[in-house]
Amino acid sequence: MLRRFYACAIVIALAGAMTPALAEEAHVAPVKKAVQAKVMSWLADPAMVSAIKAQNQKNSGLSQADVDKLDKQWRAEVKSGGGPLSQGVLSNALSAFLKKVKTDSAGLFTEIFVMDNKGLNVGQSDLTSDYWQGDEGKWKKTFLVGPGTVFVDKVQKDESTQALQSQASVSIVDPATNQVIGAVTVGINVDRIE
């Protein structure tokens, strides 16, 4: 009995000493486990790989000024309710695939979007607020790092669903060359992780 009391006292003391940073990081391992179990299997889908490669080739000549202009156009389209750039991405075959993956996840995934080698959206389950992700950790901490990279961001409350979510981002590799060709970000409802 005394041993249990001391064990409980130690746990309570350690919990009190836990910094906010350590508490915040507690979600990382379960999110990575969910990514391994639920995301990795569809990242090498031929439709996804070919869509990313096609956009990489199409956009190979874009300068940073071109990327900024496209991002500005996207943001304006989002504010005005849509336009050719945002609707073109949202209605393509990869976006249809991602919408199905999201639906089939039974609420585990809150959003999914795929980026090319410049950080531009290739496909998405839901409309993103911006077109260029290349200046954000979700792209920089995956695409630029290399094959097999998983980056788990902090937990935030999704304003539209009120669910707690964390974005997990993963580099996407062309299976034929083992080269990173893009990245994916998956919003994961942390309350749905098994």
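The values are calculated or read from the model by the stated rules, or taken from the named source; none is laboratory data. Please read these numbers as outputs of a predicted model, since none were measured by experiment. Don't worry about glycine lacking a Cβ; one is built from the backbone with ideal geometry, like all the others, and counts go over all protein chains shown.
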Which residues, taken from the range 126-150, are within 11 Å of the chain's Cα centre (by Cα) and surrounded by 21 or more Cβ atoms within 10 Å (Cβ to Cβ)? Gln133, Lys138, Trp139, Thr142
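For (1) closer than 20 Å to Val180 by Cα; (2) surrounded by 13 or more Cβ atoms within 10 Å (Cβ to Cβ), each residue gets a yes or a no:
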| position | (1), (2) |
| --- | --- |
| Gly61 | yes, no |
| Gln73 | no, yes |
| Glu77 | no, yes |
| Leu85 | no, yes |
| Ser91 | no, no |
Specify which of the listed residues (Ala183, Ala168, Ala106) is under 20 Å from Lys33 (Cβ atoms), in contact (Cβ under 8 Å) with a residue 60 or more places away in the chain, part of a loop (DSSP other than H, G, I, E, B) and of a type in the set (A, V, I, L, M). Ala106
Checking Lys118 against (1) surrounded by 16 or more Cβ atoms within 10 Å (Cβ to Cβ); (2) touching a strand residue (DSSP E or B) at 6+ places or on another chain (Cβ under 7 Å); (3) part of a loop (DSSP other than H, G, I, E, B), only one condition comes out false. Which one? (2)
By residue number, the members of the range 116-145 that are farther than 26 Å from Ala76 by Cα and either hydrophobic (A, V, I, L, M, F, W, C) or at pLDDT below 95 (or both) are Phe143, Leu144, Val145
